[in-house]
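> Shown below is the structure under consideration.
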Amino acid sequence: MSPDAKPILTVNGLVKRFGGFHALDGLSFHVSSGEILGLVGPNGSGKTTAINVISGLYAPDDGTLTYDGASIGGLASHKLVHRGINRTFQIPKPFLSLTVRQNVEVALAYGRVGVAPPKLSDLLEQYHLAEFADRPAADLNSSQQKMLDLVRALATRPRLLLLDELAAGLNPTELDWIAGHIKALAQSGLAIIVVEHLMGFIEQITDRVIVMNAGKEIFEGTLAVAVKVPQVIEVFLGGEHGA
Amino acid sequence: MPSFVRHLLLIVAPLIAAFAILPGVYDNHLLLFNFVIFLILAQGVNIIYGFTGYLPFGYVGFFGAGAYGFAIMVMHFQTPAPLAVLVAGVVGVLLGLLLTPLLRLSGAYFAIANLAAALAVLHFVANPALESITKGPYGVALNGTFNPTLAYVGAVIILALTLGIVVFLRNSSFGMALQAVREDAVSAAMAGVNVVKMRVIAWLASALVAGLAGGVFAWYVSVFYPDNVFSNDFSIFAIVFALFGGVATIMGPIVGVLILYGVYNLIGFTTPQYFQLIYGVLIMALVLFLPAGLVSLATRRGWNVP
Ligand SMILES: Nc1ncnc2c1ncn2[C@@H]1O[C@H](COP(=O)(O)OP(=O)(O)OP(=O)(O)O)[C@@H](O)[C@H]1O
Ligand SMILES: [Mg+2]
């Protein structure tokens, strides 16, 4: 279960509109340091939008975001990064023409101030990117680019990490491997939000899940309980993503 | 040896030395001066386009504004020429500040808006109603400061400064962060980079060198019309030279200017009748076969071009 510490992030009544469409429609949840929270829901339910708003890509249209006791709604991304929030992207977004090493160096140089940055060689080693260090990021395959997204995020020493479908496209061995890394990160004190369609993976690593539908949460608790809730089953029924 | 010292010693110093010595052995000083001006402008385009991805189709706006900044200081305030060149740089920066909203646009929209802005500045300066200040369309004649020898020295100093900026960008985490912004602004922000601030700094640095170049150009030629110093040939040439060599490097724009502007003058002297044709074909061949510039011949082989 979730550690009973005070949440590091509290999302309350979050609304994000695109034109007249409510991508987020009053989303509320919280996550604490050391906890891995799963964010699941059918395609288009607003998971990525939630991450985009929390990481400052979009300003919320309504609702509050409280991080570390302060309101952060609408702050620019780089400021949130300096406060310890970082993320990966569902479609990885490395700096394609820069080398893998340079990709990480930017984050090391411009990431959180006042904390010692991690060692670049260790990061590349841990996420199996060391052998590509001097190649342009464009040479990496999609899962390697996702790892580079993760390494870039970790280079800024985040305290809240948002992972958007990091595991999609990995084989079973790689899934176990990355699950181990995510758990270790949480054990070191990071709060982690994991968006994922692979229920087995969610089961394996999360302490708690939020099930989203149409921009708001419809369930909060463990995955084991979630799969027995009729409303949750209904939302996923006919959906292409099973366990 | 740190790489920036190596770049200063092996690229900047020899180039500056060459242009300092050449007037003593080569008589066509105007040609040498134009080489220096295009080296400055091509590197200025490199700063903004190579490192941030904004293609400044109206780059000449800063150059012309600088030239008129110089002229106004000399005509109305009897400012000594070197000081008036500095003012020209300030005018470039001020125009850059005025145009920062353009940075919200991207791709072709930015290029077109920048072109329109340069035309707007041209028509503002050339407005007959401003004759008492700018001499309007009738052009300026600055006899009092005419001194091509000193103006040439000034141009070489500005070139050194410009190359210094590019060497810094090429060797600093600041320059790397700019390139990260160029590649993906959202990801750059997630690396902790203040995207807007970085873009504005690069934009103003680029405006500064063009303004200075315009000032020193006005000093050198001392008689000019709005259409001369706002001629979009400056933008096009600077962009083509920079792209031909390869941007986001120190060497690329230098090689681009030396080769292309060299060939340009060679054809112009020897076979002027085929001039446009040969030049056009050359540029088309470049765009088709070497879109990333001459330096890509080396980078493709895995060599790191400074
Ligand atoms: N920038 C945008 N402009 C307009 N509509 C958007 C934008 N971003 C997301 N949407 C819409 O908001 C809804 C939620 O999208 P979102 O990407 O958050 O879903 P998701 O839960 O991440 O889905 P998936 O599982 O497919 O990744 C979708 O209908 C999407 O089309
Ligand atoms: Mg998504």
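> Please build a GNM for chain B, connecting alpha carbons under 10 Å apart, and tell me which residue among B:ALA17, B:ALA292, B:ALA177 fluctuates the most.
Looking only at B:ALA17, B:ALA292, B:ALA177, the largest GNM fluctuation is found for B:ALA17.
> In whole angstrom, note down how far apart the Cα centers of segment B:1-71 and segment B:195-249 are.
Taking the Cα centre of segment B:195-249 as reference, the centre of segment B:1-71 is 9 Å away.
> Right, next: Farthest toward the dipole's positive end in the protein assembly as shown, which of B:PHE19, B:VAL209, B:PHE146, given Cβ charges of +1 (Lys, Arg) and -1 (Asp, Glu) about the Cα centre?
Selected residue: B:PHE146.
> Oh, and also: List B:TRP303, A:TRP177, B:TRP203, B:TRP219 from most exposed to least, where exposure is judged by having the fewest other Cβ atoms within 10 Å.
Ordered from fewest to most neighbouring Cβ atoms within 10 Å, B:TRP303, A:TRP177, B:TRP203, B:TRP219 come out as B:TRP303, A:TRP177, B:TRP203, B:TRP219.
> Per residue of chain B, what 222 nm ellipticity follows from adding -39500 (n - 2.57) for every DSSP H run with n ≥ 4, rounded to the nearest 500?
It comes out at -22000 deg cm²/dmol, rounded to the nearest 500.
> Enter the mean number of other protein chain beta carbons within 10 Å of the beta carbon of each residue in B:171-183, as an integer.
That works out to 4 on average.
> Ok, one more. Take peptide B:194-200, look around each residue's Cβ out to 10 angstrom, count Cβ atoms belonging to other protein chains, and average those counts.
Other-chain Cβ atoms within 10 Å of each residue's Cβ, averaged: 2.
> Still on this model: Just to be sure I understand: with springs between alpha-carbon atoms less than 10 Å apart, which residue in B:THR149, B:THR134, B:THR52 has the highest mean-square fluctuation in the Gaussian network model of chain B?
Maximum among the listed residues: B:THR149.
> Can you tell me the order of B:296-302, B:262-268 when each peptide is scored by its average per-residue count of other Cβ atoms within 10 angstrom, highest first?
Averaged packing, sorted descending, gives the order B:262-268, B:296-302.
> I've got another one for you. Give the relative contact order (percent, whole number) for segment B:1-151; include only Cα pairs under 8 Å separated by 6+ residues.
22 percent
> Modelled label-to-label distance, B:LEU119 and B:LEU297, 7 Å Cα→beta-carbon offset: nm?
3.7 nm
> Using modelled backbone amide H atoms (1.01 Å from N, in-plane), which distant-in-sequence or interchain residues come within less than 5 Å of A:ASP25's amide H?
Amide H to amide H, under 5 Å and 5 or more residues apart or across chains, A:ASP25 pairs with A:LYS16, A:LYS216.
> Further question: What is chain B's relative contact order, in percent, from Cα pairs under 8 angstrom and six or more apart in sequence?
Averaging sequence separation for qualifying contacts and normalising by length gives 30 percent for chain B.
> What chymotrypsin sites (Phe, Trp or Tyr not before Pro) does segment B:125-193 have in DSSP loop regions with at most 16 other beta carbons within 10 Å?
Counting only loop positions with at most 16 other Cβ atoms within 10 Å, the chymotrypsin sites (Phe, Trp or Tyr not before Pro) in segment B:125-193 are B:PHE146.
> Here is a follow-up. Once you've got the Cα coordinates, tell me which of A:LYS146/A:LYS183; A:LYS93/A:LYS183; A:LYS47/A:LYS216 are over 21 Å apart.
Violating the 21 Å Cα-Cα cut-off are A:LYS93/A:LYS183.
> Sticking with this one: So how tilted is helix A:172-187 from the main axis of chain A? Cα-based, degrees 0 to 90, rounded to 10.
That helix lies at roughly 90 degrees to the long axis.
> Let me ask something else. Return the aspartates and glutamates within reach of A:LYS119: Cα separation strictly under 18 angstrom, same-chain partners fewer than 8 residues apart disregarded; answer none if there are no such residues.
A:GLU105, A:GLU131, A:ASP134, A:ASP149
> As an exercise, find the ratio Rg/Rh for segment A:70-229 from alpha-carbon atoms, using the Kirkwood inverse-distance average for Rh.
0.98
> What is the packing order of peptides B:228-234, A:62-68, A:226-232, taking the mean over residues of other C-beta atoms within 10 Å and listing the highest first?
B:228-234, A:62-68, A:226-232
> Further question: Taking chain A as the reference, fit the longest principal axis to its C-alpha atoms, fit the long axis of helix A:142-155 to the helix C-alpha atoms, and give the angle between the two in degrees, 0 to 90, nearest 10.
Value to nearest ten degrees: 80.
> Helix check for chain B. Which DSSP H runs span at least 20 Å along their own axis by Cα, with a mean Kyte-Doolittle hydropathy no less than -1.0?
Qualifying helices: B:29-45, B:60-77, B:81-98, B:107-125, B:148-171, B:195-221, B:275-289.
> Using a Gaussian network model on chain A with a 10 Å cutoff between Cα atoms, which of A:PHE201, A:PHE18, A:PHE132 fluctuates the most?
Its mean-square fluctuation being the largest, the pick is A:PHE18.
> Going by average Cβ neighbours within 10 Å, how do the peptides A:180-186, B:155-161, B:269-275, B:27-33 rank, with the highest at the top?
B:155-161, A:180-186, B:27-33, B:269-275
> If you don't mind, there's one more thing I want to ask. Multiply the residue separation of B:VAL281 and B:ASP227 by 0.36 nm, subtract the distance between their alpha-carbon atoms, and state the gained length in nm to one decimal.
16.7 nm
Read-outs throughout are calculated quantities, based only on the coordinates presented, and are distinct from any laboratory measurement. Predicted model only: the values in this text are computed from it and were never measured. Positions of Cβ are backbone-derived with ideal geometry, glycine not excepted, and every protein chain shown enters the neighbour counts.
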